[in-house]
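Presented below is the structure to which this report refers.
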């Protein structure tokens, strides 16, 4: 299905919302194990020279379906480095046929773990397993179908916490304004200034009529790379499959409250863990899970929220120059790329799916301008198009605007403008 013409007009959306008054919310959840076989190649670091050798923890896909008899939406979180547009389109078609959930109303996101299977091939990473991809499609479509069958009467609420002690911005600046990429602290160079961060921990609670947790959702902006690449003992983890810190954040919630806990990645393009190595994977996850648990208590719950979904096509400009060390090759003669932004409304909660690795500077602008308290920005949703950078990053230099993206200067600002339009449609 093409992107053009998807979604509802503002007038049609408002009419649909008005027809939902006093309709009780129903929700269901399910999970499925998507761990690849040992011996599969892992994605995230081009310095890997051999396939996986073990499993540190399993990878999961978790689905949450919500319905008020008028409108149905679904959210799927996956312990993957990313999801491609073609993969998502296939799953949307299957889910629409098996459940009736509209094509435009399903959001699929990736946690961006760097210890999962190859999903999209890059210049340095051409080891995708077609058999795994076929199996993944079946499992993701199936987990939504199962969650849809599991729906019961529910209430929903949202809250925001903070975890500034867990992350920092890896794009540190010299006095001349140029960026130095710093992956571990303290930085080797003196007189570097820290970039901005978004320490917000977004939390959603879905509970049944008895107050028992059906599902939770955590939204946090930090690269899931705490288990490797740097720090003490990381080599022993480097070839082991893992969901990284999100696994332990979700586990903290699930073991305490029950249900399924979905993890969604915020605008984490330049945000990395404060520590790396064997222990930080557990420590960061448990601190994040603890903050989520705190916010899951005493939350104001609502059982008659309106539901709505908008999916908008977006065209972003591509670089015209050839960059030999870029992660991806540009299609010959291509001047722009088409991707999508997706917005989901659940009462006063707005979730926005973004198609790439969005730098935090752009996320902070969106949050400032959106005027929505319970706003959840979910990167790597429905597509994987590389880093999406603010304009100043192209002058500052560094990995993200250089080899990390094929997008041209100005693409980030286009994305922000389009996201704000989607949010405006959902602010009825």
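Out of the residues in region 190-219 meeting the condition of being without any contact (Cβ under 8 Å) to a residue 60 or more places away in the chain and part of a strand (DSSP E or B), tell me which one is surrounded by the most Cβ atoms within 10 Å (Cβ to Cβ). Spell out how you get there, then give the answer.
Taking region 190-219 and keeping what is without any contact (Cβ under 8 Å) to a residue 60 or more places away in the chain, we get 190-194, 199, 208-212.
Now restrict to residues that are part of a strand (DSSP E or B): 193, 208.
Working: 193: 10, 208: 14.
Only one residue tops the list, namely 208.
Restricting the search to region 320-341, which residues are out of contact with any strand residue (DSSP E or B) (no Cβ under 7 Å at 6 or more places or on another chain) and surrounded by 16 or more Cβ atoms within 10 Å (Cβ to Cβ)?
326
Based on this model, can you work out whether residue 276 counts as farther than 30 Å from residue 301 by Cβ and at pLDDT 95 or above?
When the stated conditions are applied, residue 276 does not pass them.
Do we find that residue 136 is surrounded by 21 or more Cβ atoms within 10 Å (Cβ to Cβ) and either touching a residue at least 40 places away in the same chain (Cβ under 8 Å) or over 21 Å from the mean Cα position of the chain (by Cα) (or both) in this structure? Quick ask: steps written out before the conclusion?
Working: surrounded by 21 or more Cβ atoms within 10 Å (Cβ to Cβ): yes; either touching a residue at least 40 places away in the same chain (Cβ under 8 Å) or over 21 Å from the mean Cα position of the chain (by Cα) (or both): yes.
Yes.
Based on what the data block shows, is residue 422 at pLDDT 95 or above, outside any helix (DSSP H, G or I) and more than 25 Å from residue 321 (Cβ to Cβ)? Before you say what the answer is, go through the steps one by one.
Values: at pLDDT 95 or above: yes; outside any helix (DSSP H, G or I): no; more than 25 Å from residue 321 (Cβ to Cβ): yes.
So residue 422 fails the test.
Tell me which residues, restricted to region 288-301, are out of contact with any strand residue (DSSP E or B) (no Cβ under 6 Å at 6 or more places or on another chain), surrounded by fewer than 18 Cβ atoms within 10 Å (Cβ to Cβ) and touching a residue at least 24 places away in the same chain (Cβ under 8 Å).
290, 294, listed by residue number.
From the list 123, 62, 160, which residue is surrounded by fewer than 17 Cβ atoms within 10 Å (Cβ to Cβ) and touching a strand residue (DSSP E or B) at 6+ places or on another chain (Cβ under 7 Å)?
Going through 123, 62, 160 in turn, the sole match is 160.
Taking the condition of being assigned to a loop (DSSP other than H, G, I, E, B) and either more than 22 Å from residue 242 (Cβ to Cβ) or in contact (Cβ under 8 Å) with a residue 12 or more places away in the chain (or both), how many residues in region 79-127 meet it? Working first, answer last.
Step one: list which residues in region 79-127 are assigned to a loop (DSSP other than H, G, I, E, B), which gives 79-84, 100-102, 111-115, 118-121, 123-124, 126-127.
Now drop any that are not either more than 22 Å from residue 242 (Cβ to Cβ) or in contact (Cβ under 8 Å) with a residue 12 or more places away in the chain (or both), which leaves 79-84, 100-102, 111-115, 118-120, 123-124, 126-127.
Number of matching residues: 21.
Would you mind telling me which numbered condition in (1) outside any helix (DSSP H, G or I); (2) modelled with pLDDT of 95 or more residue 228 fails?
Here residue 228 meets the rest and fails (2).
Among the residues that make up region 19-34, is at least one of them modelled with pLDDT of 95 or more and assigned to a loop (DSSP other than H, G, I, E, B)? It would help to see each step written out before you state the result.
Applying the first criterion (modelled with pLDDT of 95 or more) to region 19-34 yields 25-34.
Still in the running and assigned to a loop (DSSP other than H, G, I, E, B): 25, 34.
Checked against the condition, which is being modelled with pLDDT of 95 or more and assigned to a loop (DSSP other than H, G, I, E, B), region 19-34 yields at least one hit.
The values are calculated or read from the model by the stated rules, or taken from the named source; none is laboratory data. Note that the coordinates shown come from a computational prediction; the quantities given were computed from them, not determined experimentally. We place every Cβ from the backbone using ideal geometry, glycine too, and count neighbours over all the protein chains shown.
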